[in-house]
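One structure below.
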Amino acid sequence: MNHFNICPSCIHSNSCVLTAQKDKVWSCSEFDEIKPSQTNMNNVQQPERVLELV
């Protein structure tokens, strides 16, 4: 069995909705690899979102 998993090295892993089983992904059309020079998005504080019904 192949235990290779690409999700931990993808910049979209925290916001990905393609699958809930991120420990078994070996291929993905939306995969973008994290480059060493990129900021770790886990540590970047996102602005609070406010929804407004119109």
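Structure above, values below:
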item: Tabulated pairs, segment 16-38, first in a loop (DSSP other than H, G, I, E, B) and modelled with pLDDT under 85, second exposed (fewer than 12 other Cβ atoms within 10 Å of the Cβ) and not small (Gly, Ala, Ser), C-beta under 6 angstrom, 6+ apart or interchain; result: 26/4
item: Counted residues, segment 20-31 - those being more than 16 Å from residue 4 (Cα to Cα) and either surrounded by 11 or more Cβ atoms within 10 Å (Cβ to Cβ) or of a type in the set (Asp, Glu) (or both); result: 1
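The values are calculated or read from the model by the stated rules, or taken from the named source; none is laboratory data. Model, not experiment: these values are computed from the prediction. As a convention, Cβ positions derive from the backbone with ideal geometry for all residues, glycine included, and neighbour counts pool all protein chains shown.
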